[in-house]
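The numbers here are math on the coordinates, done by the rules we state, and not lab data. Bear in mind the structure is a predicted one, so any value in this text is a computation, not a measurement. Note that we place each Cβ from the backbone using ideal geometry, even for glycine, and neighbour counts take in every protein chain shown.
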Amino acid sequence: MRELFEPASVAVIGASQDDNKVGHIILRNIIESGFKGELHPVNPRYQEVLGLRCYPTIKEVPGSIEMAVIVVPAKFVLQVMEECGEKGVKAVIVISAGFKEVGLEGAQLEMRLGEISKKYGMRVLGPNCLGLVNTHHHMNATFANEAPKQGNIAISSQSGAICVVVLDWAANINIGFSKFVSVGNKLDVDEGHLLEYLRDDPETKVIGMYIEGADRGREFLRQAELTTRVKPVIALKAGRTSSGAKAASSHTGAMSGSDKVYDAAMRQAGVVRVKNIEELFDLLQAFSTMPLPQGEGVAIVTNAGGLGVMAADACSDFGLTMATFEASTVEKLKLKLPTAASLYNPIDVVGDADAERYDHAVRTVMDDPNVACVLALLAPTDLVDITSVARTLTAFAGSSPKPIVTSFVGGKGMMRSIDMLKAAGIPNYPSPDRGIRALSAMMEHRRSMERAEPLSIKHLEADQEAVDDVISSVRAEGRLQLSEAEGKRILRAYGIVTPKEGIAQDLPSAIELADSIGYPVVMKVESPDIAHKTDVGGVVLNIDSPEEMARSYEIMLSNVREKMPRARVTGVSVQKMIKGREVIVGMVRDEQFGPVITFGLGGIFVEIMRDVTQGIAPLDRNEVGRMVRSIKAYPMLTGARGRISGDVPALVDVILKVSQLSMEFPSIEELEMNPVMVGNEGTGVTAVDALVTIKGEQQ
């Protein structure tokens, strides 16, 4: 990675004298960026390009070459890569397109490209990328028209077009970059590698990423978790719709579409996720210029009451706390604010406020120990000197340990003042809510940095041989869907309690079972073809007598035969009726991130309520605790409205067991316990249903 970002020597293979060709633009950009190392154009058609001697092949360039930029048609790239390997090149940027993005033939070409890179131990950025910039190394190895200025933001993007958009935005907003990387097809170097490198980069304060997919999802998660403990990572993940989610047989699978999984992964790793490019810009601007807030209180200063109300609403929307001022702060505000002013949060200095009054208000709240950050709002009233207020606020740039962001709301009349704020490094936002969103993200990251270190995961005793036997037996029958009884055998092998139950083949046996278990009981149809028994009338609850069992038996089987006439019915399950709070615990295996554990409010309406959260296994006790506390229904588990608290520690244990099971048996594709009945404190947790799907042999 050192040779990729800080090469002592660079060859541009495919350099051109034609100033419309990418090979010419890249060579020119490297020269104009002030690159201090050796630079060699390579192209058999020329003897000289842009005043530099041009060589027919890289093998004929004298001395060693650390990094090569390849800009030749895709069909020549393999030959050029071989020559780079033979020359001893350590890192390669493949700008050329025509690989897996164009179809099967291109994918095969890219595979061979990867084989060559491994053969010679070369790092590869791309192919099909815009290139790379390291402003502190004075190297712009891209074909972008806009040269980024030096700064402290590192950007990586899977889209070259997004790279160009970001560069254009940065030029307008007076923001600079440390590193700028277009990863393209990610044959080799991807977001995980970049996070590992940028984490220790002294020139980088904040990392922004545009991501379309993460092939090495678990490694990305690991590197992001380590990185966000030392600096913020802001990610714009494209493709938020459910169209990419695979079909799933369980509620858990249906609720764990790819975007939900990315949400869980990024939250778990401390990454701040944004929904659009506007948010990405807003947050990069704040993180790159301002210190992190060290507390929770937000102070709002405004010359327009309406803007203050909007900002207060935004605080509520983003879960921020409005600071309560000390009595001494209020007394100090009174010294220079008129009687018409509001002295409490938000502070309204009134529409005729001059720069001195505005400065007094901001400085006073900055000194309040309950204030962690400030949002300064300004409307262009006839009486306010906008430029003077802006000049006053610029004094806080770099001088205050507390962040201040502004929202000068207006159009043409505000431009000069906004430019002053930009030049000073004070973020300005077109509306109060965007300023509050930026402060919210900074607080979110500060809390993330304070999160507990991952706990060592305690291995729980389990009967793995019993699980192997169940899976082998199901596979031998050519099935992938386990029956409820088979699923429960797997749960019991991991110490998860299930109700006392049995399988009956006829009504007399069912009544005999119910008598031995003890009423009330639950009766369910037993069938390997029916995943959701309630949907077909295959569940009867609270049966409290033999007579009711007889009536329910015939009605239930009749309902099942009517709705699923081809389903194989192997009997009925009779189990003890368990009471408690209903939750769902499940797992679905994601292609990028592996086992995704789902927890939330359970029951038959789980997909309607969707009060669920996800985590990526393996989970430790801290993370499971956070998951349990994060759902809206959590107060129901802890004794809301005078109820006895549920057995939350036992519930946490069950989720940890599912996490371990998912790691130890990669052949399990989906697992769901819905509902899991959480008993009162100290009485335990019982899984009353189990739905398990395994992978086919070829998978």
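Could you give the length gained by full extension between residue 53 and residue 78, i.e. 0.36 nm per residue of separation minus their alpha carbon distance, to one decimal place? Could you put the intermediate results ahead of the total?
Details: separation 25, 0.36 × 25 = 9.00 nm, distance 2.42 nm.
That pair, residue 53 and residue 78, stretches by 6.6 nm at full extension.
Where Rh is the Kirkwood radius over the Cα pairs of region 464-576, the temperature 4 °C and the viscosity 1.567 mPa s, what D in µm²/s does Stokes-Einstein return? Don't skip to the answer; put the middle values down first.
Values: Rh = 14.7 Å.
Result for D is 88 µm²/s.
Residue farthest toward the positive end of the dipole of the chain, with Cβ of Lys/Arg at +1 and Asp/Glu at -1: which of 148, 592, 113?
148
With +1 on each Lys and Arg Cβ and -1 on each Asp and Glu Cβ, how big is the dipole of region 1-115 about its Cα centre, in debye rounded to the nearest 20? Provide the component values of the computation, followed by the final result.
Numbers: 12 positive and 16 negative charges, 18 e Å.
For this selection, approximately 80 debye.
Which of the lysines could a cross-linker bridge to residue 563, judged by Cα under 16 Å and excluding same-chain residues fewer than eight apart?
Reachable lysines: 524, 533.
Could you tell me what a quarter of the Cα convex hull surface of region 287-449 works out to, in nm² with one decimal place? Working shown, then result.
Values: hull surface 33.4 nm².
That works out to 8.4 nm², a quarter of the Cα hull's surface.
To the nearest 500 deg cm²/dmol, what mean residue ellipticity at 222 nm is calculated for the chain from DSSP H runs of n ≥ 4 alone, each contributing -39,500 (n - 2.57), summed and divided by the residues? Let's see the in-between values first.
Values: 24 runs with 265 residues, N = 699.
Value at 222 nm, helices only: -11500 deg cm²/dmol.
Taking only the alpha-carbon atoms of region 581-694, what semi-axes of the equivalent ellipsoid follow from 5 times the gyration tensor eigenvalues under a square root, in whole Å, largest first?
Values: eigenvalues 107, 39, 34 Å².
One finds semi-axes of 23, 14, 13 Å for region 581-694.
From a point 7 Å beyond the Cα of residue 238 in the direction of its Cβ, which residues of region 192-210 have a backbone N at a distance under 19 Å?
It comes to 192, 208-210, nothing else.
List, largest first, the extents of the alpha carbons of region 94-156 along their principal axes, each in whole Å.
Answer, in whole Å and largest first: 39, 26, 16 Å.
To test your reading of the geometry: what angle, between 0 and 90 degrees and rounded to tens, separates the Cα axis of helix 507-517 from the longest principal axis of the chain?
With both axes taken from Cα atoms, the answer is about 70 degrees.
Tell me which trypsin sites (Lys or Arg not before Pro) from region 263-346 have a DSSP coil assignment and no more than 12 other beta carbons within 10 Å of their own.
Numbers: sites: 267, 273, 275, 332, 334, 336; in loops: 275, 336.
Here the sparse-neighbourhood loop sites are 275.
Averaging sequence separations of C-alpha pairs under 8 Å and six or more residues apart, then dividing by the length of region 2-233, give the relative contact order as a whole percent. Present the calculation step by step, with values, prior to reporting the outcome.
Values: 498 pairs, mean separation 38.4, N = 232.
Once normalised by length, the contact order is 17 percent.
In whole angstrom, how far apart do the alpha carbon centroids of region 1-19 and region 173-194 sit?
16 Å
Starting from the Cα of residue 336, draw a straight line to each of the lysines and keep only those under 30 Å, dropping any in the same chain fewer than 8 residues away.
Hits, sequence-local ones excluded: 402, 422.
Quick check on my link table: of 237/260; 90/119; 205/260; 118/186; 119/179; 100/186, which ones sit more than 18 Å apart, alpha carbon to alpha carbon?
On the way: 237/260 11 Å; 90/119 12 Å; 205/260 28 Å; 118/186 14 Å; 119/179 28 Å; 100/186 10 Å.
Result: 205/260; 119/179 exceed 18 Å.
Which distance in nm do the two modelled labels at residue 334 and residue 622 give, with both placed 7 Å along the Cα-to-Cβ direction?
Output for this residue pair reads 4.6 nm.
So what's the gap between the Cα centers of region 94-143 and region 554-617, to the nearest angstrom?
Region 94-143 and region 554-617 have Cα centres spaced 46 Å from each other.
Which percent of Cα pairs goes in each bin when the distances of region 378-446 are cut into 5 angstrom slices starting at zero?
Distribution as computed: 3, 17, 27, 25, 17, 7, 3, 1 percent.
With +1 on each Lys and Arg Cβ and -1 on each Asp and Glu Cβ, and nothing else charged, work out how big the dipole of the chain is about its Cα centre, in Debye to the nearest 20. Spell out each step's value before the answer.
Numbers: 74 positive and 89 negative charges, 185 e Å.
Charge dipole, the chain, about its Cα centre: 880 debye, nearest 20.
Quick one: Debye curve from the C-alpha atoms of the chain, no solvent, what's log10 I(q)/I(0) at q = 0.07, 0.08 Å⁻¹?
Scattering profile of the chain, log10 relative to I(0): -0.64, -0.79.
Could you tell me the relative contact order of the chain? Use alpha-carbon pairs under 8 Å, at least six residues apart, and round to a whole percent.
Details: 1471 pairs, mean separation 61.1, N = 699.
So the answer I get is 9 percent.
What angle, in degrees between 0 and 90 and rounded to the nearest 10, separates the Cα long axis of helix 74-87 from the longest principal axis of the Cα atoms of the chain?
It is inclined by approximately 80 degrees.
Which ³J(HN,Hα) values, rounded to whole Hz and listed in residue order, are derived for region 486-492 from phi using the Karplus coefficients 6.51, -1.76 and 1.60 in 6.51 cos²θ - 1.76 cosθ + 1.60 with θ = phi - 60°, glycine and proline given as x?
Here the 3J(HN,Hα) series is 5, x, 5, 4, 5, 4, 5 Hz.
Report the FRET efficiency, 1/(1 + (r/R0)^6), for residue 17 and residue 610, where r is their Cβ-Cβ distance and R0 is 60 Å, rounded to 0.05.
Efficiency computed from Cβ-Cβ geometry: 0.50.
Report the gain in length on full extension from residue 664 to residue 32: 0.36 nm times residue separation, minus Cα-Cα distance, nm rounded to one decimal. Can you show the working numbers first?
On the way: separation 632, 0.36 × 632 = 227.52 nm, distance 5.48 nm.
This chain segment gains 222.0 nm when fully extended.
Nearest 10 degrees, 0 to 90: what angle lies between the long axis of helix 621-630 and the longest principal axis of the chain (Cα atoms)?
90 degrees
Can you tell me the dipole magnitude for region 287-449 around its Cα centre, using point charges on the Cβ only (Lys, Arg +1; Asp, Glu -1), in Debye to the nearest 20?
Working: 14 positive and 17 negative charges, 83 e Å.
Computed charge dipole of region 287-449: roughly 400 debye.
Among 616, 660, 638, whose Cα projects farthest towards the positive end of the dipole of region 581-694, with charges put on the beta-carbon of Lys, Arg (+1) and Asp, Glu (-1)?
638
How far apart, in nm, are the 7 Å Cα→Cβ label points at residue 561 and residue 468?
Result for the modelled spin labels: 4.3 nm.
Can you give the FRET efficiency for residue 492 and residue 226, using 1/(1 + (r/R0)^6), R0 = 30 Å, r = Cβ-Cβ distance, to the nearest 0.05?
0.20
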